[in-house]
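Input: a single structure, listed below in structure tokens.
The values are calculated or read from the model by the stated rules, or taken from the named source; none is laboratory data. Note that the coordinates shown come from a computational prediction; the quantities given were computed from them, not determined experimentally. Methodologically, a virtual Cβ is constructed for each residue, glycine included, from the backbone with ideal geometry; neighbour enumeration extends over all protein chains shown. To get the accessible areas, we keep the full protein, side chains included, count just its heavy atoms, and leave off ligands, DNA and RNA. Shrake-Rupley method; radii C 1.70, N 1.55, O 1.52, S 1.80 Å.
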Amino acid sequence: MTSLLASTVLAGFNPAWAQTTASDKLDEIVVTAQKRSENLQDVPIAVQALGETKLEDMAVKGFDDYVKLLPSVSYQSYGPGQSVITMRGISSGGDGTPSASQPTVGVYIDEIPTTTILGQLDFHIYDVARVEALSGPQGTLYGASSEAGTLKIVTNQPDPKAFAAGYNLEVNGVQNGGVGHVAEAFVNEPLSDHAALRAVVFEEHDSGYIDNRQATHTYPTTGYTVDNSSLVKNAYNDIDSYGGRLALKVDLDDDWTALASVMGQDEYIRGINAYDTTVGDLAVNHFFPEKDHDRWVLPSLTVTGKIGNFDLTYAGAYLKHDVTQHQDYSDYSYFYDALYGFGAYATGPGGSAINIGESLLSDNRYSKISQEVRIASPADDRFRILAGLYYERQSDDITANYQILGVDPAYTVTGWKNSWWLTREQRIDRDYAAFANGSFDIFSNLTLDGGVRVYRYDNTLAGFFGAGPGNPWLSEGQNQCIGSAPFMGAPCSDINNRAEETNAIYKVTLTYKIDQDRMVYFTVSDGYRPGGANRNPSVPAYQADTLNNYEVGWKTTWFDGKVRWNGDLFYDPWDNFQFNFLGENGVTEIVNAGHALSEGIESDVSWKIDKNFTLSASGSIIDAHLTAPYCGTLDANGNPITSCPNPVAQTGTQLPVTPYAKGNMTARYDYDFNSDVAGYLQSAVIFTGGSWADLRTNYDGIDPRAVLGRQPAYTEVDFSGGLYWGASTLDLYIKNAFDSRGQVMRYSECAVTTCGAEVYVVPIQPRLVGLRFGQKF
């Protein structure tokens with residue numbers, strides 16, 4: 001290996017960025033949406049793909065960067081590693097906490113499902129071939145939590161044909177913050193004619209932009225005053241992360257290939273990525289240290305081969321994801337004291353007055369095993385089948401320890417010093433499935449596809465949540481134990497709930513090829529999200545919800561490959577949908593809220609005006625709303641009641657998170673300085689419409705939607721330009737050039753009925769200017 005590497009380097013640079021003859025046609029895009037490699041224009045699915053060049057030119061490093069370029073995708077986020085994805089408006093808000101519903105959008109890295117009950121992995125984008133967004137239910141092929149769509153991150157694979165390597169060095173600065181940097185590199189090393197190793201490493205520092213300002217809190221009941229002077233800091237939400245990937249590909253013979261890989265990331269996050277609207281722009285007044293440590297590792301094995309003329313694929317993986325957080329929770333203490341005299345109960349020994357501010361120490365130890373095996377007939381057969389079996393088990397050991405320093409030990413949870421309230425639970429979600437998809441060419445230009453997935457889920461939640469036996473404020477705790485034995489360090493268990501179901505979903509697609517450049521399709525399909533168990537024993541288990549999809553789409557290429565226009569119209573009823581909210585004592589509750597509908601249009605167009613100039617645009621208009629009132633109560637069978645005098649949300653209420661309209665437009669101009677140096681200029685305009693953070697308009701006489709406020713529409717403008725010479729590149733970019741204060745999320749620290757006067761806003765990143773130098777050889 002060493003001699004091969006040395007000879008390659010001594011031979012000089014392979015001019016990976018050297019000029020080639022520019023084409024006046026758009027490049028072909030290959031996707032794996034149907035678990036086969038196919039031209040995007042031949043796939044009867046609503047797919048948007050961001051290729052490697054697009055990702056690099058737009059300076060995409062992570063989730064926030066690429067999701068803004070996908071009009072069908074929206075999200076809520078508390079910060080890195082804490083994002084919940086939505087597609088086509090299928091969101092009721094509040095998902096993403098460890099004991100809440102599973103996501104409605106599945107996420108894959110290559111062949112491996114990485115959808116988790118903790119939300120989206122924060123995956124560093126480098127040496128990535130493309131990002132694919134599959135809109136609409138993908139459940140027959142991708143299973144649970146691909147109810148509204150699927151996101152796929154496809155990495156570059158080891159290649160035994162040739163050595164390749166590269167690196168990027170970047171420095172950047174953020175408005176209202178400081179200086180950050182990125183260092184990233186890859187190497188592809190052939191080991192023989194039949195084996196290769198590919199490695200990727202990166203290190204990144206992101207400057208913060210939220211200030212923790214000096215303030216005092218005086219608690220009304222006791223008059224006790226606290227001061228945060230020791231924690232005051234500008235741009236206190238900085239992030240350090242590092243990680244990488246290592247993949248080994250071996251051609252075992254002419255028919256069989258094995259790909260073993262391991263990837264991982266370690267991220268240290270300080271502060272919070274939100275500002276307090278009562279304090280000021282990009283500022284908070286917090287009184288306890290805040291930090292997150294998010295780390296994950298994902299080893300996997302993919303084996304492909306042939307049995308006769310059938311293709312067999314096995315993909316297995318084990319994901320380990322641990323998240324430790326320290327959060328300021330003193331808003332809860334302040335408002336409960338002001339409204340209910342909390343300070344008279346939370347006292348030190350002998351009834352002494354203390355700082356009753358709470359801090360939350362949480363620890364989630366998450367793991368996921370996934371196994372899939374599938375077989376596919378030859379792609380050029382008139383009748384083609386793809387069938388397989390799938391199994392996954394994901395578990396989360398949950399600790400949420402709400403502490404009051406110096407509180408009377410008689411009030412704390414037994415064995416947990418300073419613990420005013422403790423959650424110590426284990427959640428296990430199991431999914432079993434068998435799936436099959438068949439395609440039949442009725443004529444050379446008319447194809448009928450059909451698919452089915454039979455699934456079973458078996459989900460459990462067990463453990464302890466509550467206060468200590470002597471707590472004068474909260475009665476929940478050890479007196480509700482269902483067993484005297486300790487549970488994972490907690491005094492006992494007071495939760496042991498289960499939800500299980502067996503069912504099936506279906507898909508039918510009819511595709512008509514008008515000619516070799518144009519086709520239309522009609523799809524009827526289903527997607528589902530598993531049900532689960534509630535933490536609160538008095539609240540019944542919630543059932544699976546189902547999305548039905550009726551879709552007409554088109555894939556077209558015009559003017560001899562210069563113009564590509566794709567799009568779809570959809571009508572998606574969402575039945576028995578799951579709604580997450582903070583109930584009594586701030587405990588998450590999930591109920592089936594009733595019925596909703598999402599309907600709209602998604603479209604994208606690219607135009608290669610000439611060899612140098614390219615325009616592209618994509619957008620969506622989505623109307624997602626309730627089709628029946630949400631009353632907030634269930635009947636004796638656990639089904640939502642949809643007739644009541646004062647519903648929590650009326651028929652026609654817009655679903656939260658997703659804007660009515662979202663779109664972007666990019667203009668790129670490539671030019672040659674001379675025979676050795678080329679360059680480009682690029683600009684992008686991204687528009688995101690207004691949305692709501694909450695579904696409810698009437699809860700205990702309060703309108704949570706009005707209290708939190710609307711997330712207003714905003715426009716973001718990015719610029720970039722660069723030079724290419726030999727094997728080198730130099731890029732300058734400006735993201736959010738006019739420093740728009742777009743809002744990703746609005747929330748309060750505890751239940752909006754209590755803490756609603758203190759609203760936090762998660763903004764998009766302020767203006768970021770970066771300079772990047774890279775080489776590939």
Whole-Å semi-axes of the ellipsoid equivalent to segment 583-705 (Cα gyration tensor, √5λ, descending): 49, 15, 11
Rg (one decimal) and Dmax (whole number) from the Cα set of segment 45-107, in Å, equal 12.9, 39
Site Val262, offset 7 angstrom along Cα→Cβ, radius 19 Å on amide nitrogen, limited to segment 147-161, gives 158
Length gained, Tyr571-Val232, 0.36 nm per residue minus C-alpha separation, equals 117.0 nm
What list of whole percents do you get for P(r) of the chain, with Cα-Cα distances grouped in 10 Å bins up to the one holding the largest distance? 3, 13, 23, 26, 20, 10, 4, 1, 0
Gyration tensor (Cα) of segment 672-765, equivalent ellipsoid semi-axes in angstrom: 46, 11, 8
Of all accessible surface on segment 665-777 at a 1.4 Å probe, what whole percent is carbon and sulfur? 61 percent
Give the lysines reachable from Lys417 as a straight Cα distance under 28 Å; neighbours fewer than 8 places away on the same chain don't count. Lys291
Nearest 0.05, what FRET efficiency do Val769 and Ser643 give at R0 = 41 Å with Cβ-Cβ as r? 0.15
Straight-distance crosslink candidates among lysines, where the alpha carbon sits under 24 Å from Lys555 and sequence neighbours closer than 8 are dropped: Lys25, Lys35, Lys54, Lys68, Lys152, Lys507, Lys513, Lys608, Lys611, Lys662
Rounded to the nearest 10, the angle in degrees between the Cα long axis of helix 330-340 and the longest principal axis of the Cα atoms of the chain comes to 40 degrees
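For segment 715-777, what is Rg from Cα atoms divided by 2.2 N^0.38 Å, rounded to two decimals?
1.80
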Tally Lys/Arg at +1 and Asp/Glu at -1 over every other residue whose Cβ is under 9 Å from the Cβ of Leu259; what's the total? -1
Within the chain, what's the longest run with no trypsin sites (Lys or Arg not before Pro) in a DSSP loop and at most 11 other beta-carbon atoms within 10 Å? Give the range, please. 418-777
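What net charge is computed for the residues neighbouring Arg741, neighbours being all others with C-beta under 11 Å from the C-beta of Arg741, Lys and Arg scored +1, Asp and Glu -1? Could the numbers behind the result be given before it?
Values: positive: Arg767; negative: Asp281, Glu716, Asp739.
Around Arg741, the charge tally is -2.
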In Å², and per residue, what accessible area does the chain have when probed at 1.4 Å with the other protein chains present? 38 Å²
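Mind checking segment 179-277 for chymotrypsin sites (Phe, Trp or Tyr not before Pro) that DSSP puts in a loop (not H, G, I, E or B) and that have at most 14 other Cβ atoms within 10 Å? Write down the numbers at each step before the final one.
Values: sites: Phe186, Phe202, Tyr209, Tyr224, Tyr236, Tyr242, Trp256, Tyr268, Tyr275; in loops: Tyr209, Tyr224, Tyr236, Trp256.
Those that pass, being in a loop and sparsely packed, are Trp256.
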Please provide three numbers in whole Å: the alpha-carbon extents of segment 169-326 along the principal axes, with the largest listed first. 79, 37, 22
For the chain, what is the calculated [θ] at 222 nm in deg cm²/dmol (nearest 500), taking -39500 (n - 2.57) for each run of four or more DSSP H residues and dividing by its residue count? -1500 deg cm²/dmol
